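The values are calculated or read from the model by the stated rules, or taken from the named source; none is laboratory data. As the structure is a prediction and not an experimental result, all values here were calculated from the model. Cβ placement follows ideal geometry from the backbone for every residue including glycine, while neighbour counts extend to all protein chains displayed. Surface accessibility is based on the protein's heavy atoms, side chains included, excluding ligands, DNA and RNA. Shrake-Rupley method; radii C 1.70, N 1.55, O 1.52, S 1.80 Å.
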Amino acid sequence: MKVTIIAEAGVNHNGSMKLAKQLIEIAADSGADYVKFQTFKAENLATKTAKKATYQKNLTDSTESQFEMLKKLELTYDQHKELIDWCTKLDISFLSTAFDIESADLLRDLGIQLFKIPSGEITNLPYLRHIGSLGHPVILSTGMSTISEINAAIDVLNQSGLDRKKITVLHCNTQYPTPFEDANINAMLTIRDESKVKIGYSDHTTGIEAPIAAVALGAKIIEKHFTLSRDLEGPDHQASLEPYELKQMIGCIRNI
């Protein structure tokens, strides 16, 4: 079975539709199956006084709050629609991570039929119940979580009406960037054996070796951040691949 590759644009568009479309073009040219963005309302994610993570302070304006940074990176309904149309034109599938129930409904209304749950929401019970009730296939990231939390999330999705066969769980290390010695790809196999689900890997290392190794170990889905340039200002650019690296990674995965 062909490995599904998600090119994670995330918030690397920096609030610019021109840059967002460039990222879609790069993902399509690289041979990725999906290009993925992030859908959220800043009001639902952070208080007005929430501070940034240390790595975010180092890579963005250190004087602004977490809320102010997130607000600049929001995408509206119409912007989503414009990006979906651009993906259709370039023959690549659009995907986005919904960070709250309101955002999940926005994606549903746009016709999205695959839902990505981010690591930070793996213990968000109302959110999980809502996503499960939609009945669409789910990709679940697991950064910062324990096996018991992963299994609990799977059970909630299942009890909310989602067939277990529709769930793929991604091993993930929530450090941007992740040192190679902390990637611990074998954890992906532990998840497979303990949770009895399809597995994949969401990678935050700076290179392309870890996701290629994950594919050799049996990953069905690979998710990897990419950017136009690591020199751009923004929270995730430095943990992202540049265009030639994304293309190289995908070529290697297809060979494997």
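As a calculated quantity, the FRET efficiency between Asp193 and His136 at R0 = 22 Å, using C-beta atoms, amounts to about 0.25. Taking a straight line from the alpha carbon of Lys48, these lysines sit under 17 Å away, with near neighbours fewer than eight places off in the same chain left out: Lys57, Lys71, Lys72. With each label modelled as a point 7 angstrom along the Cα→C-beta vector, the Glu102-Lys41 pair spans 0.2 nm.
Rolling a 1.4 Å probe over the protein heavy atoms gives region 57-119 an accessible area of 48 Å² per residue.
Looking at region 117-256, what % of its DSSP beta bridges pair antiparallel, to the nearest 5? The answer is about 0 percent antiparallel. With the simple spin-label model, which puts each label point 7 Å out from Cα in the Cβ direction, the Met17 to Thr174 separation comes to 3.2 nm.
Whole-Hz Karplus values for region 20-29 come out as 4, 5, 4, 5, 4, 4, 5, 4, 5, 5 Hz, taken residue by residue from phi with 6.51 cos²θ - 1.76 cosθ + 1.60 and θ = phi - 60°; glycine and proline positions read x. Among the listed pairs Lys36/Lys247; Lys21/Lys41; Lys165/Lys198, a Cα-Cα separation exceeding 18 Å is found for Lys21/Lys41.
Over every pair of different alpha-carbon atoms in region 1-57, take the mean of 1/r and invert it; report that Kirkwood radius in Å. One decimal place: 13.4 Å for the Kirkwood radius. Evaluated at q = 0.23 Å⁻¹, a Debye calculation over the C-alpha positions of region 73-176 (equal weights, vacuum) places log10 I(q)/I(0) at -1.22.
Summarised as an ellipsoid, the chain has semi-axes of 24, 22, 19 Å, derived from the eigenvalues of the Cα gyration tensor scaled by 5 and square-rooted, with the largest first.
In summary, the convex hull built on the alpha carbon positions of region 165-256 has an orientation-averaged projected area of 6.1 nm².
Report, to the nearest whole %, how much of the accessible area of the chain belongs to carbon and sulfur atoms, 1.4 Å probe, protein only. The nonpolar share, carbon plus sulfur, comes to 49 percent.
Karplus-based coupling profile of region 143-155, in residue order and whole Hz: x, 6, 9, 9, 4, 5, 5, 4, 5, 5, 5, 4, 5, with θ = phi - 60° in 6.51 cos²θ - 1.76 cosθ + 1.60 and x standing for Gly or Pro.
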